[in-house]
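Take a look at the structure set out below.
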Amino acid sequence: MKFSESFRIGSLELKNRFIMAPVKSAYGNPKGEVTPRHLTYYDNLSKGGVAMIILEPVAVSQSGKEHPKQLAVHLPDSQQQLQKIVDVLHKNNTYACLNLNHAGRAANPKATGMPPEAPSAITCPATGQTPEILQKQEIEGIVEGYRQAIKVAAAAGFDAIEIQAGHGYLIQQFLSKRTNLREDEYGQDKTLFIKEVFDVVRAGRENLTVLVRISGHEFVENGFGPAENKIILDMAKEYGFDAIHCGFGNACDTPPWYYSHMALPEQKQQEVVGAIRKQTGLPLIVAGRMGDIDKLATYERKNLTDCIALGRPLIADPNFVNKLLQHQTDDITLCGYCLQGCLANVKNGSGIGCIVNPNIDKQPVPASVAKSVAVIGAGPAGMAAATQLSVMGHKVTLYEKKAALGGQFEMAYQAPHKGSMLRPLSSLIKQTEKNVAEIKLGTTISAASLGHFDHFIVATGSRQRIPEIKGLDEQYSMTSLEFFENTKPVKGKRILIIGAGMIGIEAAEILADQNYDVVITKRTDTIANDMEMITKKLMLKRLEQKENLLISPNTTLIEFTTDGVKYQNAGETKEWQPFDTVIIAAGMEPENDLYQQLQTEQKSAQLIGDANHPEDIFAATQQGYQAAIALG
């Protein structure tokens, strides 16, 4: 594979052609300082074989920040702070690149302390914020911010800088006819701002290698595509820059493409990359769901790119590159591009994580004293606990009542447009099988049959909560688990789903796609509120097109009769015609009977995952990891 070969970009001789794309971490603090969590995270990443790491984006001025916990480059001590990360990367033989940006209309007032500023007052749909119009003096200040940021990067020891000129951020906002409606010189010549930025980059770069990041296609009406990008590509060459880094989408209008969501079509991406490739002779780096072995082979065969940028695949497995180069591809923990542990936790400020890699920001912890541990239940929580305990040096026996590992994670990839979730599930199973010495499948156990262990971790999952509705027990029905496990057939044409959380709404889409007539109810107005936000928006947009699906929020079911279903909505009692099948998806409740038995017998035990409190896969694997660490 050519991507394993060395490659020169500017003055840098890369040891291979894998580069880490800039991924926001939210590991910082409101001061913009580097934290110990940053250092552990970048230490783990830079030991994994990647040739260069492009740090999470930094804003060149306070007004350009996107996140309250974003690293800073514009403060008096930024050089000393950022150098801490540079030193970690260099220690591990990895080049360090700093991504320089100003978010413009995508800036976050909670981070900046001021309204967003942009070329024109065009609202950012993703934030709902309408920016104030930048005045010439403020533009000059931002350009000066780039000048100072380049000095900081050089002084901190960075090997390269990357100028963000795409993804709907400030430089592209000035270039775009959609977002630049100005009538002054910055509107008459929409390239003026990027020229001013590129001028200070050229003047101040010294020995720094310079990358330019673009959005190959915004996938929005009148947006940037390959043709519109030609001006950036030509200017990058004119100004002597060293490489183009191509991503997709923009932060305001098309977040699914910007964050490389699993539901997006691969073919469109490949077509865009091919078009960009034809327009520039500069080395090309491509990002966007590139953590797929077959996809890498395709890009190599078609000569679509010179280098590969990996973002979230390295969060799932920092050793992705080492394993690939050592032909250990079966051992790679693969990303499903679900955004559940990464994007969601950046947005809420808790810091980037991963549903299948709970220790991305943690150092290895050996067992203080090796113990014998029984882990009961092999869903995400149980597998994470058993694997971590085994890695630490404990003697682990993992019990599972079903014939296979996976638990309710098995349901995730069955939903429409979520097939890639099979990748992390398979990886989690492989890691469990590799590390856990004793796995007993098809084994139903009680406290009495468990035998002697020093400690017990109970991860027995959850069961369907059955609502108390008059006449429901006389209706042909099944639980959401029975539906997804296909242990009970769907009968007839008319289907009622009780509960419009993630599981219920995914079942509704499956059935609507199969031409059933579906009604799904929710007692409140929160539809799929337990689903990752971008996944939810994409799904609801698809469901809006389905005439055979009715979503009925604020609806309380009263009674099932032979004549139909009585329900209350908006204070009125109404009735639907009878349904052939009812699917119950009205939430889950812990399955913790075994834990109660162990407690009665005063055994040393922990209760984790859905057996403790039903949540999502990220919470389950985190609890499994933490349970292992707590045992010591």
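Computed from the coordinates by the stated procedures, all read-outs in this text should not be read as laboratory data. Values in this document were obtained by computation on a predicted structure and should not be read as measured data. Heads up, the Cβs are rebuilt from the backbone with ideal geometry, glycines too, and the neighbour counts pull from every protein chain shown.
Tabulated values for the structure
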item	result
Rounded to 5, the percent of DSSP beta bridges in the stretch 2-347 classed as antiparallel	10 percent
Inter-centroid distance (Cα atoms) of the stretch 616-631 relative to the stretch 291-345, Å	24 Å
Order of I466, I194, I617, I122 under a 10 Å beta carbon neighbour criterion, fewest first	I466, I122, I194, I617
Exposure proxy order (Cβ contacts within 10 Å, fewest to most) of F219, F409	F219, F409
Percent breakdown of C-alpha pair distances by 5 Å bin, ordered from the shortest bin, for the stretch 345-484	2, 8, 16, 18, 17, 14, 11, 7, 4, 2, 1, 0
Over 25 Å between alpha carbons, listed pairs K402/K430; K536/K574; K418/K546; K395/K434; K24/K110	K536/K574
Exposure proxy order (Cβ contacts within 10 Å, fewest to most) of V88, V391	V391, V88
Cysteines in the chain lacking a second Cys C-beta under 4.7 Å	C97, C246, C307, C335, C338, C342, C354
Over the chain, equivalent-ellipsoid semi-axes from the Cα gyration tensor in Å	45, 32, 21
222 nm mean residue ellipticity, helices alone, for the chain (DSSP H n ≥ 4; -39,500 (n - 2.57); rounded to 500)	-9500 deg cm²/dmol
Those aspartates and glutamates that a straight Cα-Cα span of less than 20 Å connects to K401, excepting residues fewer than 8 apart in one chain	E410, E433, E438, E482, E485, E589, E591, D593, D610
Between the stretch 457-480 and the stretch 128-180, the alpha-carbon center distance in angstrom	54 Å
Within the chain, longest stretch clear of exposed GluC sites (Glu not before Pro) (DSSP loop, no more than 16 other Cβ within 10 Å)	222-467
Added length on full extension, which subtracts the Cα-Cα distance from 0.36 nm per residue, K488 to A275	71.8 nm
Straight-distance crosslink candidates among aspartates and glutamates, where the alpha carbon sits under 18 Å from K302 and sequence neighbours closer than 8 are dropped	E5, E266, E271, D292, D294
Cα centroid of the stretch 368-439 to Cα centroid of the stretch 197-275, whole Å	39 Å
Cα-based radius of gyration of the stretch 516-571 once divided by 2.2 N^0.38 Å, which approximates compact folds	1.30
Convex hull volume per residue for the stretch 466-586, taking Cα atoms only, in Å³	102 Å³
Extension reserve of the I466-E144 stretch, reckoned as 0.36 nm per residue once the Cα distance is removed	109.7 nm
Scattering profile of the stretch 132-271 at q = 0.12, 0.21 Å⁻¹ [log10 I(q)/I(0), Debye over alpha-carbon scatterers]	-0.50, -1.32
Relative intensity, log₁₀ I(q)/I(0), of the stretch 436-491 from a Debye sum that treats every alpha carbon as a point, q = 0.13, 0.15, 0.26, 0.31 Å⁻¹	-0.61, -0.72, -1.21, -1.40
Folded to 0 to 90 degrees: helix 533-543 orientation relative to the chain principal axis, Cα	70 degrees
FRET efficiency, D294 to Q62 (Cβ-Cβ, R0 45 Å, nearest 0.05)	0.55
Dimensions in Å of the stretch 2-347 - Rg and Dmax from alpha carbons	18.5, 57
